[in-house]
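Q: I am attaching a structure below and will ask some questions about it afterwards.
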Amino acid sequence: SDCNPAPGLRKVSRSTNAKTKRHTTVKRVVVGLSGGVDSSVAAYLLKEQGYDVVGLFMRNWHDTTGTLEGDCPWYDDQMFAELTAKRLDIPFHFIDLSDEYRRRVVDYMFAEYGRGRTPNPDVLCNREIKFDAFLNAALELGADFVATGHYCRREEIGAEGRTIHRLLAGSDPNKDQSYFLCQLSQRQLSRALFPIGHLLKPEVRRIATEQHLATAARKDSQGICFVGKVDLPVFLQQQLAAKDGDIVEIPSGWPGYRSLPADAPLGRLAEPFRYEPSDGARVGRHRGAHFFTIGQRKGLHVGGKPEPLFVIGTDVERNILYVGQGQRHPGLYRRALYMLPEEIHWVRPDLALKTGESRRYLVRIRYRQPLQGAVLYRTAEGGFVVFDEPQRGVTAGQFAAWYDGEELIGSGVIHR
């Protein structure tokens, strides 16, 4: 197959430019050239700033099962990355991290979906691959830093005789990607550069055009990190078997939707709605509850209703899918969420809450969601986020990230 890896590409393996020697006072930056416009402009800006820039393309996925665009989408990415390196006259290297990606990201995805949770592979990819496995490969190339085309910013401040690295939102409000980096550590941030974080997307396109970069007009990638756009059920069926089950519609007047008082215990506020088949009416069949997520509309194939149906609950043990009519169905909204203590991460460990403490933050539970006012509580049981207003689609397995102004302070996996 054309998609099979060539032999000998498990390590950094080749270069289009032999100029790898550098003066000891010049910092070397290895840029993750992805074949997109953002990383291309990041490499250009770093070279203009006087860094010793090296391009490194990583291939992380071979299997094309369920992909919707092309047989070997990575091949085009590699070609554009190499064209960018040639244009900028920087060394170009290739590394295959497929084994690490499957083990540390994809296997995690399958396990989470199998449990009826919805993971965020992009967050895991940044923590486990781009700023770990890839970072280690870059260090072997003599890197002082690694750089990516993320729309976010890093700032250093001094506190108590040590350097603290702040992760800030990107200047472009439509492209801010700090959420995807919400699991990074201080060690990882100390090696990271985000050269385009202060720019707007149109400015990035303009620079690429002016510099005649091959990626200037290339569309942004979509879908699962390094896998691309996929038919999710087909992709997941590599390990999760399809299994027919009932779709049960829950009416908006279900008694369990009665409001809890504001002073209710945190555990009760964060408890998901628990449905039984007898609470509603059977309206259709599905091919596997683990293929669906809270808030999903597509793929239900149930018509004849006054308003569209949305998934409001999944029971993977009994393979039942619960749905409700309309965007405002109360089953879509929850006031609070809970995180296990071991799944709470502080980008700023110096600001970590102690047991019994609480603090007001701005919180988002998905990429591009506007920041929401909330209070984070740290208890012996874990972390609770209580929002000022009920939130749509609180989903187990996703990440909640909390901000103080434009700085991302920490994050956690939503347990329920």
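Q: Summarise the long-distance tail of P(r) for segment 150-225 by giving the % of C-alpha pairs beyond 16 Å. Could you put the intermediate results ahead of the total?
A: Working: 1668 of 2850 pairs.
When all Cα pairs of segment 150-225 are counted, 59 percent exceed 16 Å.
Q: Considering the dipole of segment 266-374 built from charges on the beta carbon (Lys and Arg +1, Asp and Glu -1) around the Cα centre, which of 323, 281, 302 is farthest to its positive end?
A: 302
Q: Keeping every protein chain in place, order 366, 318 by accessible area at 1.4 Å, biggest value first, i.e. largest first.
A: Highest to lowest solvent-accessible surface, that is 318, 366.
Q: I'd like the antiparallel share, as a percent to the nearest 5, of DSSP beta bridges with both residues in the chain.
A: Working: 53 of 71 bridges.
Among the beta bridges of the chain, antiparallel pairing accounts for roughly 75 percent.
Q: Can you tell me the length gained on complete extension of the stretch residue 276 to residue 343, counting 0.36 nm per residue apart and subtracting the Cα distance?
A: 21.2 nm
Q: Given a Förster distance of 35 Å, report the FRET efficiency between residue 28 and residue 368 from their Cβ-Cβ distance, rounded to the nearest 0.05.
A: Numbers: r = 34 Å, r/R0 = 0.97.
FRET efficiency, residue 28 to residue 368: 0.55.
Q: Okay, next question. Measure nothing fancy, just the Cα-based angle from helix 37-48's long axis to the longest principal axis of the chain, in degrees from 0 to 90, nearest 10.
A: 40 degrees
Q: Rounded if a/c is under 1.5, else prolate if a/b is larger than b/c, else oblate: which is segment 253-407, with a ≥ b ≥ c the root eigenvalues of its Cα gyration tensor? Intermediate results must be reported in sequence, preceding the final value.
A: Working: a/c = 2.11, a/b = 1.94, b/c = 1.09.
Prolate.
Q: Label points 7 Å out from Cα along the Cβ direction at residue 404 and residue 301: separation in nm?
A: With each label point 7 Å from Cα toward Cβ, the separation is 5.1 nm.
Q: Mind grabbing the accessible area of residue 130 for me, 1.4 Å probe, Å², rounded to tens?
A: 40 Å²
Q: Compute the angle between helix 201-210 and the longest alpha-carbon principal axis of the chain, please, reported from 0 to 90 degrees and rounded to the nearest 10.
A: Helix 201-210 and the main axis of the chain meet at about 30 degrees.
Q: Contact order normalised by length for the chain, with contacts defined as Cα pairs under 8 Å and 6 or more residues apart; what percent is it?
A: Relative contact order here is 16 percent.
Q: With every protein chain present, what accessible area does residue 291 have (1.4 Å probe, heavy atoms only), rounded to the nearest 10 Å²?
A: Roll a 1.4 Å probe over it and residue 291 shows about 10 Å².
Q: Please grab the % of Cα pairs in segment 37-168 that end up more than 20 Å from each other.
A: So the pairs more than 20 Å apart make up 56 percent of the total in segment 37-168.
Q: Right, next: In percent, what relative contact order does segment 334-416 have, based on Cα pairs under 8 Å that are 6 or more apart in sequence?
A: With pairs under 8 Å counted, the relative contact order is 41 percent.
Q: Report the FRET efficiency, 1/(1 + (r/R0)^6), for residue 115 and residue 263, where r is their Cβ-Cβ distance and R0 is 41 Å, rounded to 0.05.
A: After rounding to 0.05, the efficiency reads 0.80.
Q: Using the Karplus curve 6.51 cos²θ - 1.76 cosθ + 1.60 with θ = phi - 60°, work out ³J(HN,Hα) for each residue of segment 315-327 in order, rounded to whole Hz, and write x for Gly and Pro.
A: 10, 6, 5, 9, 6, 10, 10, 9, 10, x, 8, x, 4
Q: Something else now. Does segment 157-294 classify as rounded, prolate or oblate by the C-alpha gyration tensor (a ≥ b ≥ c root eigenvalues; a/c under 1.5 gives rounded; else a/b over b/c gives prolate, otherwise oblate)?
A: Oblate shape, in that a/c is at least 1.5 and b/c is the bigger or equal ratio.
Q: Helix-only mean residue ellipticity at 222 nm, the chain, DSSP H runs n ≥ 4 weighted -39,500 (n - 2.57), per residue, nearest 500. What is it?
A: Calculated from helices alone, the mean residue ellipticity at 222 nm is -5000 deg cm²/dmol.
Q: Here is a further query. Taking 0.36 nm per residue of sequence separation and subtracting the Cα-Cα distance, how much length would be gained by fully extending the chain between residue 139 and residue 244, in nm to one decimal?
A: Working: separation 105, 0.36 × 105 = 37.80 nm, distance 4.90 nm.
Full extension of this stretch gives 32.9 nm more.
Q: Just one of (i) 127; (ii) 173; (iii) 152 is volume of the Cα convex hull per residue in Å³ calculated from these coordinates, so which is it?
A: Evaluating volume of the Cα convex hull per residue in Å³ on these atoms matches (iii).
Q: Related question: What does the accessible area per residue of the chain come to in Å², with a 1.4 Å probe and no ligands, DNA or RNA counted?
A: 46 Å²
Q: Taking R0 as 41 Å, what's the FRET efficiency between residue 186 and residue 48 from their Cβ-Cβ distance, rounded to 0.05?
A: Calculated value: 0.90.
Q: Continuing with this model, one more query. Rounded to a whole number, what % of the accessible area of the chain do carbon and sulfur atoms account for, probe 1.4 Å?
A: 48 percent
The values are calculated or read from the model by the stated rules, or taken from the named source; none is laboratory data. Being a predicted model, the structure only gives us computed values, none of them experimental. Note that each Cβ is placed from the backbone with ideal geometry, even for glycine, and that neighbours are counted across all protein chains shown. These area figures cover heavy atoms from the full protein model, side chains too; ligands, DNA and RNA do not enter into them. Shrake-Rupley method; radii C 1.70, N 1.55, O 1.52, S 1.80 Å.
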